[in-house]
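Working notes for the structure below.
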There are 2 protein chains.
Amino acid sequence: MVDVARHAGVSLKTVSRVVNKAPNVQQELVDRVLAAVDELGFRRNQLASALRSGQQTSTVGLLIEEIANPFYATIAQVAAEVAAGFDSLLITASSEEDPVREERLLRDLCARRVDGLLVVPAGYDHSFLRAEVEQGIPVVFLDRPAGGLVADTVLLDNRGGARAGVEHLLGEGHRRIGVLLDSIGVYTMRERLGGAQEALGAAGLPYDSHLVCDGVRDPVTAAQAVAQMLDAPDPPTAFFALNNRITVGVVQELWHRNSTASVVGFDDFELSHLMPLPLTVIAYDTRELARQAAELLFARIAKQNLWPRTVVLPTRLVNRGLR
Amino acid sequence: MVDVARHAGVSLKTVSRVVNKAPNVQQELVDRVLAAVDELGFRRNQLASALRSGQQTSTVGLLIEEIANPFYATIAQVAAEVAAGFDSLLITASSEEDPVREERLLRDLCARRVDGLLVVPAGYDHSFLRAEVEQGIPVVFLDRPAGGLVADTVLLDNRGGARAGVEHLLGEGHRRIGVLLDSIGVYTMRERLGGAQEALGAAGLPYDSHLVCDGVRDPVTAAQAVAQMLDAPDPPTAFFALNNRITVGVVQELWHRNSTASVVGFDDFELSHLMPLPLTVIAYDTRELARQAAELLFARIAKQNLWPRTVVLPTRLVNRGLR
DNA sequence: ACCGACTTCGACAACGTTGTATGGAGTGGG
DNA sequence: CCCACTCCATACAACGTTGTCGAAGTCGGT
């Protein structure tokens, strides 16, 4: 900028005014400065600008589990769209479900002085963020609540969705329903399992541990679990898969066996309507989840110190009955 | 940092040394400083640090079309993984195939002084990046080459893959093969169409414009195009879909009609093996594409001024014959 | 006792930008 | 003709950090 000023024969500050489109600069000087900017290939340094002018890096941090997962990719997409409306960019970081990594990344993002944080929490304790929040970095959690920290949160109605899914199967006459979940350690899985058990309990069906399978992390494990359940005495006649990876594995195994068991899966996914079996899913609007979270974040960035809000978004059952 | 220094009764510079784990500081002072840091909740400001110490923001920019697309999401994931190995984070920006937006975003990323850029180009002309490259920001292009700029590039063998796909259909005895593509304006589509036509030409089949359908942007359009081709006189007996969105639409329409036409699709996708029809695809290693590009970028960041390289990665035909 | 090498720490300037205070030129009213 | 006022441009300091240099202290060897 010094060079530009010299080249245009004006002061440093005048250059600053021109590149920031500030008023009160003669047109002639504006032209001279712009010419110099062009000639020298000058680019304003955002770092220095943000450093000097208090805080506005026009950058928000997004912490998710892994960007390759379509659910998180959609969140990233929408968050970026909303951010673009505020001339902001997104720094996306993946925690890979490791609380230690999560904390390191969040601290790093704060050190970069992002304007705000959008977090799908992996760990249980986020109290370390309190200092940052008090220093003025707004945080919005989505999909799962934070631990040890009162903050804005946008969630799905996991419990209600799961209840609806099980009720659907009960309505079809099923009485033995196999439930498969990723890990009871994950908030969403606990909620969904809770909802499923509420519905089973309300129908007067006793809890049967043989019908619940924890630790199903991928489609292959899901297929094995289904096989094992079907080969056991008094097998289930229907399955409720608590996420879409599990659903895929269940469908694959049932199709492989030509089984006629019914399936309801939590989470819709891109090609669910092309699956070789009739598949009913509990769907929700991932874009809406992300949109609400991102807009809440930017509202907080614009106007601090409002009471934290929690928003719960509905799910809906998509019935793709028999073909 | 000034406050910390005062609080610990040491100089500013000593605090700097401690937080950067520089040598030659008495253990006692280290402890005093760390205590003060803890007590005051001090966080080093990365912006100021990067500003002062020349250039190292530990941030790289990734420009893609849209993060929600699994192809780009995979690229983002791998790029972030590689970046993490260099203690860097990723700023991901979506051009949405708009060259104007692309240029704006790239300039913005440069203004943020990212250490390097990973770009899936949307526009035709990237000469505006030359100034930035000369200023020392390395750029690696992937999936498509840059326009008007010699730079490192990592590509797929689109042409060879398409040739193999068509040869596969020819080998099955098909002589009328419908080819559907997104847009001739996109580099990958041009290459793939070129490869397909090479294979058809080599088999002595004349060019038939009724068998090529441009402008197929989504599965619905693809289904319509397939319907139209099948309803025309002398319909194709096989289809070659030049990307996975098109493939899905083709499969959907053929399945809907109980058609026995063969399909080869460029791009593998997550549930391709569960499609209701036998589906052969031209697959490639997206992770490898991204890995090579990201590693090339960090090599350039570490050691500038090497001659630009172009890497072409192979594709492979995954034959999922009749069921 | 003296020298040189090494260790430890602090004062100061600088990175590239913007906020603040100030000065000088031009305008209009009394 | 002077004063108050607006408009435009400049000089200077400051944001939070790190590089440079030099001062002070320590230690071993002569």
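Rule-based calculations on the coordinates, nothing more; no lab input. Every value quoted in this text rests on a predicted model; they were computed, and no experiment measured them. Cβ sites come from the backbone with ideal geometry, for glycine too, and all protein chains shown count toward neighbours.
For chain A, modelled as a GNM whose springs connect Cα atoms under 10 angstrom apart, the maximal fluctuation among A:ARG107, A:ARG287, A:ARG17 occurs at A:ARG17. Over the Cα atoms of region B:233-323, each weighted equally, I'd like the Debye log10 I(q)/I(0) at q = 0.16 Å⁻¹, rounded to two decimals. Those come out to -0.70, one per q. The per residue volume of the convex hull around the alpha-carbon atoms of region A:81-222 is 148 Å³. Summing +1 for each Lys or Arg and -1 for each Asp or Glu among the other residues whose beta-carbon sits under 14 angstrom from that of B:GLU198 gives +1. Projecting the Cα positions of B:GLY215, B:GLN55, B:LEU242 onto the charge dipole of chain B (unit charges on Cβ atoms of Lys, Arg, Asp and Glu, taken about the Cα centre) puts B:GLN55 furthest along the positive direction. Taking the average, over residues, of other Cβ atoms within 10 Å as the packing measure, peptides A:124-131, B:211-218 rank B:211-218, A:124-131 from highest down. Counting only residues at least eight positions apart within a chain, or on another chain, the lysines with an alpha carbon under 18 Å from that of B:LYS13 are B:LYS21. Could you tell me which of rounded, prolate or oblate describes region A:11-61, using a ≥ b ≥ c as the square roots of the eigenvalues of the alpha-carbon gyration tensor, with rounded for a/c under 1.5 and, failing that, prolate when a/b is larger than b/c and oblate otherwise? Prolate is the answer for region A:11-61, as a/c is 1.5 or above and a/b outweighs b/c. For the segment A:264-273, counting C-beta atoms of other chains within 10 Å of every residue's C-beta and taking the mean gives 2.
Evaluated with a Cβ-only charge set (Lys, Arg +1; Asp, Glu -1), the protein assembly as shown carries a dipole of roughly 1380 debye about its Cα centre, given to the nearest 20.
Could you check what % of the DSSP bridge pairs in chain A are antiparallel, to the nearest 5?
Percent antiparallel among DSSP bridges in chain A is about 10.
Each residue of region B:270-284 was assigned a 3J(HN,Hα) from its phi angle through the Karplus curve 6.51 cos²θ - 1.76 cosθ + 1.60 (θ = phi - 60°); the sequence is 4, 9, 4, 6, 9, 5, x, 10, x, 9, 9, 10, 8, 9, 7 Hz, with glycine and proline shown as x.
Take the Cβ atoms of A:ARG43 and B:ARG320, set R0 to 51 Å, and the FRET efficiency comes out at 0.50.
Quick check: convex hull of the Cα atoms in the protein assembly as shown, volume per residue, rounded to a whole Å³?
Taking the convex hull of the Cα positions in the protein assembly as shown, it is 189 Å³ per residue.
Taken residue by residue and averaged, Cβ atoms of other chains lying within 10 Å of the Cβ of A:275-288 number 1.
A label point on A:VAL100, set 7 Å along the Cα-to-Cβ line, lies at 5.0 nm from each of its counterparts in the other copies, closest listed first. For the peptide A:47-57, the mean number of other protein chain Cβ atoms found within 10 angstrom of a residue's Cβ is 4. Each copy carries B:ARG309; placing its label point 7 Å along the C-beta direction from Cα gives inter-copy distances of 5.2 nm, listed from smallest up. The residue of chain B whose Cβ sits closest to the rotation axis that maps B onto A, together with that distance in whole Å, is B:ALA73, 2.
One Cα centroid belongs to region B:117-175, the other to region A:253-323; the line between them spans 35 Å.
Here is the tail figure for region A:115-191: Cα pairs spaced more than 21 Å apart come to 43 percent of all pairs.
Net length available on complete extension from A:ASP98 to A:ARG6 is 27.9 nm, with 0.36 nm assigned per residue and the Cα-Cα distance removed. By DSSP, the beta bridges lying fully in the protein assembly as shown are antiparallel in about 10 percent of cases. The simple spin-label model puts a point 7 Å past each Cα toward its Cβ; for B:ALA302 and B:LEU34 those points are separated by 3.0 nm. Each part gets one Cα centre, and for region A:34-74 versus region A:183-230 those centres are 44 Å apart.
Over region B:122-228, Cα pairs under 8 Å with separation of 6+ residues give a relative contact order of 23 percent.
Can you compute the FRET efficiency between B:HIS210 and B:GLU134 using 1/(1 + (r/R0)^6), with r the Cβ-Cβ distance and R0 = 51 Å? Round to the nearest 0.05. Taking R0 as 51 Å, the efficiency between B:HIS210 and B:GLU134 is 0.55. In a Debye calculation with equal point scatterers on the alpha-carbon sites of chain B and no solvent, what is log10 I(q)/I(0) at q = 0.09, 0.10, 0.12, 0.15 Å⁻¹? Summing over Cα pairs of chain B leads to -0.58, -0.67, -0.85, -1.13. Highest GNM mean-square fluctuation among B:LEU313, B:LEU274, B:LEU106, for chain B modelled with Cα contacts below 10 Å: B:LEU274. Classification of region A:158-283 by its C-alpha gyration tensor yields a rounded form. The axis ratio a/c (a ≥ b ≥ c) stays under 1.5.
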